[in-house]
Amino acid sequence: MDYSGELAEIQQRIARSHDMASRRVRVLEALSAAPGERIVEVGCGAGFALREIGVAVGANGSAVGIDLSADQVQAASNHCADLTQVEARVGDLLAIPVADQDSDATVSMQVLEYVTDIETAVAELSRVTRPGGRFVNVATNWGSLFWSGGDEDMTDRILSVWQRHAPHPNLPIALPSILGASGFGGIHQSPLTIVNRHVHPNTFAHGAARLMAAFACTIGEVGPDSIDAWLTSLERADSHGVHFLSVVPVLTTAVRLG
């Protein structure tokens, strides 16, 4: 799934939501960035977390964001333009443009599940992280997604199509063993559960509905008229007090062994 153009714009709106801001707080707490550290974020998107990492490491540190999408890298560069310690680069997770063991920590959010060769991606993260360095990841277990209140048949169809949007839609299940095989230990997982009774623009549900709809339209599974009707049904459910979404992103932390 290529987060450029319209999809990049939708993703950036989701990143601004209260739910995603709350998630970044949890991620940054787990990352525990300190002044002077060198930290790499892969899949930095529009740079919302990257900016906060840059502030945490300070002028003597370094925060490098990597993303495949030139649109996202430009947005991240603009968002962090006043922080000289922050740099956003176009780059591939399968060949991270960072020297061996150069990072005190690496972080990724909703990125690894999109990489077909997940073992090579994790091995690259291991390569650039120094012994004793930290790794922090968020990946959603999309099989946990429950959505109620809108057009049930269309919701079921959209969710079924969405399971095809990434090579590893339920990555948290396999991630610990993959990390262990690449030299990480001290692996811990915890839930970052999202519950939305509403579908207004400051919720995950609002952006997720539009992202999933755009994906379904792009691959030709659902037409624009059907999508419009589905989005309207979600808003109607909200107005009647019967909208409900729950999903479980999973925070995974690990330490690079020596």
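The values are calculated or read from the model by the stated rules, or taken from the named source; none is laboratory data. None of these values were measured; they are calculated from a predicted model. Every residue, glycine as well, gets a Cβ built from its backbone with ideal geometry; the counts of neighbours run over all protein chains shown.
Output the number of residues of the stretch 182-208 satisfying the condition of being over 16 Å from MET20 (Cβ atoms) and either free of Cβ contacts under 8 Å to residues at least 12 places away in the same chain or of a type in the set (S, T, N, Q) (or both).
Adding up the residues that qualify gives 3.
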Select from the stretch 155-177 the residues that are surrounded by 18 or more Cβ atoms within 10 Å (Cβ to Cβ), aliphatic (A, V, I, L, M) and at pLDDT 95 or above and list them in ascending order. LEU171, LEU175
Taking only the stretch 231-241 into account, find how many residues are among the polar types (S, T, N, Q) and either under 22 Å from the mean Cα position of the chain (by Cα) or farther than 19 Å from LEU145 by Cα (or both). 2
Matching residues in the stretch 142-154 (in a strand (DSSP E or B) and crowded, with 18+ Cβ neighbours inside 10 Å) number 3
Residue, nearest to the chain's Cα centre (by Cα), within the stretch 65-93, restricted to residues that are at pLDDT 95 or above and hydroxyl-bearing (Ser, Thr, Tyr): SER77
Do you know which of the residues in the stretch 209-230 that are more than 23 Å from the chain's Cα centre (by Cα) and touching a residue at least 24 places away in the same chain (Cβ under 8 Å) is nearest to GLN163 (Cα to Cα)? GLU221
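For the stretch 164-258, give me every one of the helices (runs of 4 or more DSSP H) that falls completely inside it and has 1 or more residues that are within 29 Å of SER103 (Cα to Cα) and β-branched (Val, Ile, Thr). If you could, list the steps in order and put the result at the bottom.
Working: elements: 175-181, 204-218, 224-239.
In the stretch 164-258, the matching helices (runs of 4 or more DSSP H) lie at 175-181.
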What's the total number of residues in the stretch 190-205 that are under 16 Å from the mean Cα position of the chain (by Cα) and surrounded by 14 or more Cβ atoms within 10 Å (Cβ to Cβ)? 5
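Each row is one residue, and each column tells you yes or no for (1) of a type in the set (Lys, Arg); (2) under 15 Å from the mean Cα position of the chain (by Cα); (3) farther than 30 Å from VAL195 by Cα; (4) at pLDDT 95 or above.
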residue	(1), (2), (3), (4)
ALA8	no, yes, no, no
MET20	no, yes, no, no
ALA56	no, no, no, yes
ALA63	no, no, yes, yes
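Would you be able to say whether some residue in the stretch 140-148 is among the aliphatic types (A, V, I, L, M) and modelled with pLDDT of 95 or more?
First pass over the stretch 140-148, keeping only residues among the aliphatic types (A, V, I, L, M): 145.
Filter once more, keeping what is modelled with pLDDT of 95 or more: 145.
Yes: the stretch 140-148 contains one or more residues that are among the aliphatic types (A, V, I, L, M) and modelled with pLDDT of 95 or more.
Kindly indicate whether VAL195 is of a type outside the set (S, T, N, Q), farther than 28 Å from ARG130 by Cα and touching a helix residue (DSSP H, G or I) at 6+ places or on another chain (Cβ under 6 Å).
Numbers: of a type outside the set (S, T, N, Q): yes; farther than 28 Å from ARG130 by Cα: yes; touching a helix residue (DSSP H, G or I) at 6+ places or on another chain (Cβ under 6 Å): no.
In short, no.
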